[in-house]
Amino acid sequence: MPKLATRDEATARRAALASRLTAEKVDALLVTSLVNIRYLTGFTGSNALLLLTPSSARLITDPRYTTQAAAESSTSVSIVRKRPLLTEAIARITRGKYRKVGFEKTHLSYEQHARLTEELPKRAKLLPLEAWVEEARLVKSASEIELIQESVVTNSLAFDRSLRSLRPRMTESEFAAELDYQQRKLGAEGTAFSTIVASGAHSALPHAQPRHEAIGLNRLLLVDMGARQHGYMSDMTRTVVTGKATRRMRQLYGAVLEAQLAAIDAVRPGVLCAEVDRRARITLKRHGLHQQFIHSTGHGLGLEIHEPPRLGRTEVRSLAPGMVITIEPGVYLPGEGGIRIEDTVLVTATGCDVLTPTPKDLLII
Ligand code: ZN
Ligand code: ZN
């Protein structure tokens, strides 16, 4: 059985959101993001809507989920047969005579919006709401942190085990498949994203797709992988060298590691995300490599692999205890190769804990 947030926890999350509805005078909120529905109810199915009011919560799903919804969700449940779930939501909003009806502006399709506009009574005013549930998800609870930690450990163990079977003649795809296989064997439901294995010059693409080409000897090998376990994500990048490392490889690796450690060192409550990013960037600048660092320093993760906050140059948000983020500077040299080092990090009351247990000394296999 998947471990889920306790019913009490989901109930408390809905209560917090209900208070905000009351405070901002919103009569009902239609939640359309499945991840947000999972967060607010515990329901893990693939087709659902959640209608939340200050005093009620109703999960709307289809007959495939009759048993599952009753087992997982701590709300009232409506099972809708042979018609769109939205039809049921519209009927309930109409019957409830709600006037101010909020919706998740980034999770409602144009078509759904058009139907709401056409079919709701005139008195109902639609309000686009920005990331209300995502805001609540920013700071993780103790049980969420535990689940992320489990996912992180599975991910690192899968990496360790897979390294034992790594051979230069293996293709990038074969090694990616091995990593995925080990994750599943160790308890993951699947991967958090499509595993990246990139050797040699191919590693200069930050989001390279594994190829059916041999990894080869004396190459940089970049592996970016994450597990999804009990719904929670982990994310780690390690760059290793197959065979023999050149001086250049060691220098580049040393610079990226220095940048990663500098950024981690900056992580504590109250620090601007942009400041953490800046620390990585100024370290790479000292090595003349800042132009080769072509993405942000990290991102939040949890039920999704990319969640707020974003640790980029322009992010004005501050870190707070309970946020879980990645720290992942990298340098990418077209035609030569790329190096990235990424850990999953928990912001604590006094600083941070690096959750990822995998060592970061340059590994030569
Ligand atoms: Zn990653
Ligand atoms: Zn990442």
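The values are calculated or read from the model by the stated rules, or taken from the named source; none is laboratory data. Bear in mind the structure is a predicted one, so any value in this text is a computation, not a measurement. No Cβ is skipped: glycine too gets one built from the backbone with ideal geometry, and neighbour counts run over all protein chains shown.
The sole residue among L355, L346, L311 that is in the same structural domain as A158 (by TED's automatic domain parsing), hydrophobic (A, V, I, L, M, F, W, C), out of contact with any Pro (no Cβ under 8 Å at 6 or more places or on another chain) and more than 15 Å from ligand 1 (Cβ to nearest atom) is L346.
Flag: K82 matches the condition of being at pLDDT below 95 and farther than 28 Å from L301 by Cα. Per this entry, L301 is not counted among residues that are away from ligand 1 (no atom under 16 Å from the Cβ) and crowded, with 16+ Cβ neighbours inside 10 Å.
Residues that are over 22 Å from P308 (Cβ atoms) and free of Cβ contacts under 8 Å to residues at least 60 places away in the same chain number at least 3 in the following strands (runs of 3 or more DSSP E) confined to segment 5-75: 48-53, 56-61. Whenever a residue of segment 283-309 is without any contact (Cβ under 8 Å) to a residue 12 or more places away in the chain, its partners that are within 16 Å of ligand 2 (Cβ to nearest atom), lying with C-beta atoms within less than 8 angstrom and at least six residues away or across chains, give the pairs H306/H299; H306/G300.
Suppose the filter is within 15 Å of ligand 1 (Cβ to nearest atom) and not assigned by TED's automatic domain parsing to the domain that holds V35; does I282 pass it? Taking the combined requirement at face value, the residue does not satisfy it. Scanning segment 195-232 for residues that are away from ligand 1 (no atom under 14 Å from the Cβ), out of contact with any Asp or Glu (no Cβ under 9 Å at 6 or more places or on another chain) and assigned to a strand (DSSP E or B) turns up just one, R219. Take segment 285-306 and flag every residue that is over 30 Å from R248 (Cβ atoms) and either away from ligand 2 (no atom under 11 Å from the Cβ) or touching a Ser or Thr at 6+ places or on another chain (Cβ under 7 Å) (or both). Listed by number, the residues that qualify are L301, G302, L303, E304. Note on segment 320-344: residues that are surrounded by fewer than 24 Cβ atoms within 10 Å (Cβ to Cβ) and more than 30 Å from K244 (Cα to Cα) amount to 3. Restricting attention to segment 108-131, the residues that are within 18 Å of V26 (Cα to Cα) and either assigned to a loop (DSSP other than H, G, I, E, B) or not hydrophobic (A, V, I, L, M, F, W, C) (or both) add up to 12. Tell me which residues, restricted to segment 308-340, are of a type in the set (A, V, I, L, M), away from ligand 2 (no atom under 13 Å from the Cβ) and modelled with pLDDT of 95 or more. Across segment 308-340, the qualifying residues are L319, A320, M323, V331, L333, I339.
Taken over segment 161-176, the criterion of being touching a helix residue (DSSP H, G or I) at 6+ places or on another chain (Cβ under 9 Å), part of a helix (DSSP H, G or I) and surrounded by fewer than 18 Cβ atoms within 10 Å (Cβ to Cβ) is satisfied by R161 alone. Kindly establish whether E134 is part of a helix (DSSP H, G or I) and under 19 Å from F103 (Cα atoms). Answer is yes for this residue.
Can L261 be described as part of a helix (DSSP H, G or I) and either touching a residue at least 12 places away in the same chain (Cβ under 8 Å) or away from ligand 1 (no atom under 16 Å from the Cβ) (or both)? It is true that L261 is part of a helix (DSSP H, G or I) and either touching a residue at least 12 places away in the same chain (Cβ under 8 Å) or away from ligand 1 (no atom under 16 Å from the Cβ) (or both).
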